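Scroll down for the structure; my scribbles are underneath it.
The values are calculated or read from the model by the stated rules, or taken from the named source; none is laboratory data. None of these values were measured; they are calculated from a predicted model. Please note: Cβ atoms are built from the backbone with ideal geometry, for glycine as well, and neighbour counts cover all protein chains shown. The protein model used for the area step is the full one, side chains on, heavy atoms only, and it has no ligands, DNA or RNA in it. Shrake-Rupley method; radii C 1.70, N 1.55, O 1.52, S 1.80 Å.
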Amino acid sequence: MGRLSELLSGARAVVAFTGAGVSTESGVPDFRSPGGVWTRYDPRDFTFSKYVASPQVRARAWRMRREFWNVIPGPNPAHIALARLEAAGRCRGVVTQNIDGLHQAAGSVTVVEVHGTSREVMCIGTAPRAGTPAGCGFRAPYRWAFERIDAGEADPGCPSCRGIIKSATVSFGQNLFPGVIERAVALVAEADLVLAVGSSLQVYPAAGLPASAARRGVPLVIVNDEPTPLDPLATLVVRGRAGRVLPHAVDAVLGADISG
Ligand code: APR
């Protein structure tokens, strides 16, 4: 049994912390790898304040989202391995930076989406003050917006208050949604092992969660294709593809997944 399997075997309250790298094997690009989203688009063009101020920025953001969601991704073996670990009572849940909903699609039940979800859109109001959505409460599945985009509406408005509609995600320059980081902190506080998968661990406050756990003496395992700033804090660093490393380790702990 490899070192990762040994550590997982000895843990009873794993908390996974995931980033875009856990979804790349589902065909969803990450952000900072070669070819990642921020190597093709400038993140400074997609800040909350620019989105609020400019119908042109909103139209471009909808075109980008529409392009990304042309092919609906499905969960890959990495997502499924984490869901198996939770179902077996070994994992308390996932704190994810991802907005793709693939952990839930794989069967994970406790999922804290610290950067929101692209599976829904929401009203952020007509003139939200810097960084904080101030909508009327309207929310809808993302298909609601895509139907309007496909019908030629470049920048769909809220049907209730005519406010601005945005995906229910957290953009640069936007505050995290109230209560979410508190839920993530509470979940990580339960951990006897934090398993960080597929994240460059550069974006705060999210990356502060595995960092503070490690500094409290909770074993931190990092599974990532490339080095991260938190590697020195890790009990174990596994350089490799999440879709291969995680199923292999979870199979060693739980037995092979015969569900197919
Ligand atoms: N297996 C393991 N590691 C992978 C895989 C894979 N299949 N694919 C990519 N990686 C690694 C990359 O090497 C990279 O270090 O995953 C990491 C992904 O890092 P980022 O692209 O920076 O994504 P993430 O850490 O999730 O970014 C955090 O930044 O732009 C914001 O809101 C956005 O939530 C995102 C946040």
Could you list the GluC sites (Glu not before Pro) in region 110-150 that lie in coil according to DSSP, counting only those with at most 15 other Cβ atoms within 10 Å of their Cβ? none
Tell me, what % of the accessible area of the chain is carbon and sulfur with a 1.4 angstrom probe? 55
With bins 5 Å wide starting at 0, give me the P(r) of region 191-231 over every alpha carbon pair, in whole percents. 6, 27, 36, 24, 7, 0
For the chain, can you list the cysteines whose C-beta has no other cysteine C-beta under 4.7 Å from it? C91
Is the C-alpha gyration tensor of region 59-190 telling us rounded, prolate or oblate? Criteria: a/c under 1.5 is rounded; beyond that, a/b larger than b/c is prolate, otherwise oblate. oblate
P(r) tail fraction, the chain - alpha-carbon pairs more than 35 Å apart, %: 18
Would you mind working out the accessible area per residue for region 105-161, using a 1.4 Å probe, and quoting it in Å²? 47
Could you tell me what percent of the DSSP beta bridges with both partners in region 123-260 are antiparallel, to the nearest 5? 25
Loop-located trypsin sites (Lys or Arg not before Pro) in region 183-249, at most 15 other Cβ atoms within 10 Å (DSSP): R216
How high is the FRET efficiency from R216 to S5, r the C-beta distance, R0 22 Å, rounded to 0.05? 0.35
Suppose every Lys and Arg Cβ carries +1 and every Asp and Glu Cβ carries -1, with no other charges. What dipole size does the chain come out with about its Cα centre, to the nearest 20 debye? 520
